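Structure record follows, encoded as structure tokens.
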Amino acid sequence: MDIFDEIIRCMKEEATSSGNVFVRKKDLAEFMGTPIVTKPVQTKPAAPAPSPLPPIEIPEPEPVQEKPAPVSMPLPELSNMNWQELHQCAMQCTACPLAPTRTNVVFGCGSEQTELMFIGEGPGADEDAQGIPFVGKAGELLTKMIRAMKYDRSEVYIANIVKCRPPGNRNPSDDEAETCIPILKRQIELVKPKVIVLLGAVPLKYLMGKTGISRLRGNWMEYNGIQVMPTYHPAFLLRNPAAKADVWKDLQKVMAYLGKL
Ligand code: URA
Ligand code: SF4
């Protein structure tokens, strides 16, 4: 290496290693015959622009239920149920708006194998309290009617169109009666009586689809091969004792049919 080479090497070193440059870069480049590449200031690659945050999904809060609303469950198919299943089904029933206000479900009472069945409209206050049909004032009169027919109350079957008390002793609504009547219809199928006595306008309407109790009482009808006798309700007789004579005529027709005369 000759002296010039040595000088160039030193100049190169100086030019690149120190800020204290004694030659201008341009001059050195011309000298060297190679362009000096000025390194662009290496700035850090710009950080990628922050992408917008994905939307955060906040789940809807579950509505807080103070008390679970009473659930209304429709009646299941009853047509193959035995007494025990039917009874249990009625006891748990919430199928109509009468369920929340009842004290007891009034299913029915008496003999499950009898030739004679009585059907009323629905439980009153006494029946709701005890869970047994016809135990109030009207019930006492019905019990006397049954005795006059030469039966004991325990020998006949007694049931109602609706099994739960309509508040304030009002008549059951169409909706309530139509919702409940499958239970009664299954009771009739299981008892298979020879005669059904309908007590008043409500069972006449919902079992037979007929109106006009004062016109139709005392006239035989038929329900699924069973003889049906509509008569006045004992509660009506308590307010109108003179109508007892008519009811006695109707009941005597039933007694004659059943061989009790
Ligand atoms: N009236 C009815 O119709 N049914 C009862 O069980 C009591 C009173
Ligand atoms: Fe069920 Fe009949 Fe009582 Fe209504 S009245 S809740 S349908 S058992």
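Quick notes on this structure:
- Any chance Gly122 is in contact (Cβ under 8 Å) with a residue 12 or more places away in the chain and in a helix (DSSP H, G or I): no
- Sole exception among (1) in a loop (DSSP other than H, G, I, E, B); (2) away from ligand 1 (no atom under 16 Å from the Cβ); (3) among the polar types (S, T, N, Q) for Gln84, by number: (1)
- Verdict on Glu155 being near ligand 1 (Cβ under 7 Å from one of its atoms) and at pLDDT 95 or above: no
- Selected residue (criterion: farthest from ligand 2 (Cβ to nearest atom)) from residues of region 153-190 that are among the hydroxyl-bearing types (Ser, Thr, Tyr) and crowded, with 17+ Cβ neighbours inside 10 Å: Tyr157
- For region 93-106, the count of residues that are at pLDDT 95 or above and within 10 Å of ligand 1 (Cβ to nearest atom) is at least one.
- Only strands (runs of 3 or more DSSP E) whose full extent lies in region 158-261 are considered here, and the ones with at least 1 residues that are modelled with pLDDT of 95 or more and of a type outside the set (A, V, I, L, M) are 221-223, 226-231.
- Restricting region 158-184 to residues that are more than 16 Å from ligand 1 (Cβ to nearest atom) and touching a residue at least 40 places away in the same chain (Cβ under 8 Å), the residue that is farthest from Gly124 (Cα to Cα) is Pro182.
- Within the set Lys150, Lys144, the sole residue that is at pLDDT 95 or above, over 19 Å from Leu184 (Cβ atoms), more than 8 Å from ligand 1 (Cβ to nearest atom) and not in a helix (DSSP H, G or I) turns out to be Lys150.
- Counting the residues of region 191-204 that are near ligand 1 (Cβ under 10 Å from one of its atoms) and either among the hydroxyl-bearing types (Ser, Thr, Tyr) or buried (at least 24 other Cβ atoms within 10 Å of the Cβ) (or both) gives 2.
- Among all residues of region 117-137, there is none that is more than 14 Å from ligand 1 (Cβ to nearest atom) and more than 21 Å from Tyr223 (Cβ to Cβ).
- Which listed residue, of Asn219, Asn224, Asn240, is within 16 Å of ligand 1 (Cβ to nearest atom) and either among the small types (Gly, Ala, Ser) or surrounded by fewer than 16 Cβ atoms within 10 Å (Cβ to Cβ) (or both): Asn240
- Assessment of region 105-120 against the conditions (at positive phi, more than 11 Å from ligand 2 (Cβ to nearest atom), among the hydrophobic types (A, V, I, L, M, F, W, C) and crowded, with 19+ Cβ neighbours inside 10 Å) yields no matching residue.
- Qualifying residue in region 60-75 (condition: farther than 23 Å from Gly124 by Cβ, among the β-branched types (Val, Ile, Thr) and at pLDDT below 70): no
Condition check ((1) assigned to a helix (DSSP H, G or I); (2) closer than 20 Å to Ile188 by Cβ; (3) among the basic types (Lys, Arg)) across all residues:
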| site | (1), (2), (3) |
| --- | --- |
| Pro63 | no, no, no |
| Ala90 | yes, yes, no |
| Phe118 | no, yes, no |
| Asp126 | yes, no, no |
| Ala129 | yes, no, no |
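- Any hit, region 63-74, residues being hydrophobic (A, V, I, L, M, F, W, C) and buried (at least 18 other Cβ atoms within 10 Å of the Cβ): no
- Exclusive hit being over 17 Å from Tyr232 (Cα atoms) and not basic (Lys, Arg), set Ala90, Ala138, Ala159, Ala148: Ala90
The values are calculated or read from the model by the stated rules, or taken from the named source; none is laboratory data. What you are looking at is a predicted structure, and each value in this text was computed from that prediction instead of being measured. Note: ideal-geometry Cβ built from the backbone for every residue, glycine included; neighbour counts use all protein chains shown.
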